[in-house]
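A.B. asks: After the structure tokens below, expect a handful of questions from me.
The values are calculated or read from the model by the stated rules, or taken from the named source; none is laboratory data. Fair warning: this is a prediction, and the values are worked out from it, not measured in the lab. All Cβ positions, even for glycine, are placed from backbone atoms using ideal geometry, and neighbour counts span all protein chains on display. Remember, those area values only see protein heavy atoms, side chains included, never the ligands or the DNA or RNA. Shrake-Rupley method; radii C 1.70, N 1.55, O 1.52, S 1.80 Å.
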Amino acid sequence: MRSAKISNKYMYKTKKNDNGSHYYLVFYDRKNKRYNAVQLTHLYIKDRNRFVQVNKGLIVVEKFKEFEVPSGVKKQIYETDVNGNNIDIKSNSIRFISKRYLSSKQSNRIKKQIIKKPYTSER
């Protein structure tokens with residue numbers, strides 16, 4: 001499991017001039033034999049909406065070495081891109097933040113907390 005910055009156009013149907021991006025955790029699912037992504041959100045501002053989501057259990061709080069502040073791991077797994085294709089880590093829209101992988105202990109903990117029905121690209 002590695003952290004990556006993925007372009008909005010790759011994951012969502014957006015406006016033509018939207019050049020934004022979000023942080024994701026990307027991992028290989030051996031069962032389905034494809035890559036999956038889980039969206040991250042930073043919790044550096046006391047945002048009421050984010051903390052309501054944390055209290056409801058929609059976001060899991062984790063600390064990563066790549067970021068100075070805690071991050072929220074959303075409980076949605078993305079298996080496909082906006083076109084319905086499998087996530088391709090060699091795409092120009094995906095840029096890994098560091099060469100470091102998460103520890104197996106941390107990645108297993110995250111996977112156990114977020115496992116549920118995958119969220120497809122029909123958004």
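A.B. asks: So which GluC sites (Glu not before Pro) in region 3-75 are both in a DSSP loop and have at most 10 other Cβ atoms within 10 Å of their Cβ?
C.D. replies: Here the GluC sites (Glu not before Pro) that fit, given the DSSP loop and packing criteria, are Glu68.
A.B. asks: List the chymotrypsin sites (Phe, Trp or Tyr not before Pro) in region 1-57 that DSSP assigns to loop (not H, G, I, E or B) and whose Cβ has at most 13 other Cβ atoms within 10 Å. Which are they?
C.D. replies: Tyr44
A.B. asks: Separate question: Order Asp88, Asp29, most accessible first, counting only protein heavy atoms with a 1.4 angstrom probe.
C.D. replies: Asp88, Asp29
A.B. asks: Can you list the trypsin sites (Lys or Arg not before Pro) in region 14-50 that are in a DSSP coil and have 11 or fewer other beta carbons within 10 angstrom?
C.D. replies: On the way: sites: Lys15, Lys16, Arg30, Lys31, Lys33, Arg34, Lys46, Arg48, Arg50; in loops: Lys15, Lys16, Arg30, Lys31, Lys33, Lys46.
Of the trypsin sites (Lys or Arg not before Pro), the ones in loops of region 14-50 whose Cβ has at most 11 other Cβ atoms within 10 Å are Lys15, Lys16, Arg30, Lys31, Lys33, Lys46.
A.B. asks: Taking the Cα of Arg34, stepping 7 Å toward and past its beta carbon, and measuring to each backbone N in region 93-115: which are under 20 Å?
C.D. replies: So the set is 93-95, 111, 114-115.
A.B. asks: Ignoring ligands, DNA and RNA, what percent of the accessible area of region 46-95 is carbon or sulfur (1.4 Å)?
C.D. replies: 44 percent
A.B. asks: Using a 1.4 angstrom probe with every protein chain in place, what is the largest-first accessible-area order of Ser98, Ser71?
C.D. replies: My answer, sorted largest first, is Ser98, Ser71.
A.B. asks: Find the accessible area per residue for the chain; the probe is 1.4 Å, ligands and nucleic acids are left out, and the unit is Å².
C.D. replies: Dividing the accessible area of the chain by its residue count gives 66 Å².
A.B. asks: Here's another thing I want to ask about it. Heavy atoms only, probe 1.4 angstrom, no DNA, RNA or ligands counted: give me Ile97, Ile59, Ile89 ranked by accessible area, highest first. Display every interim value, and only then the final one.
C.D. replies: On the way: Ile97 70, Ile59 10, Ile89 45 Å².
Ranked list, largest accessible area first: Ile97, Ile89, Ile59.
A.B. asks: Still on this structure, I have one more. Would you kindly state how much longer the chain becomes between Asn85 and Lys105 on full extension, computed as 0.36 nm times their sequence separation minus their alpha carbon distance, in nm to one decimal?
C.D. replies: Net length gain for the segment: 4.2 nm.
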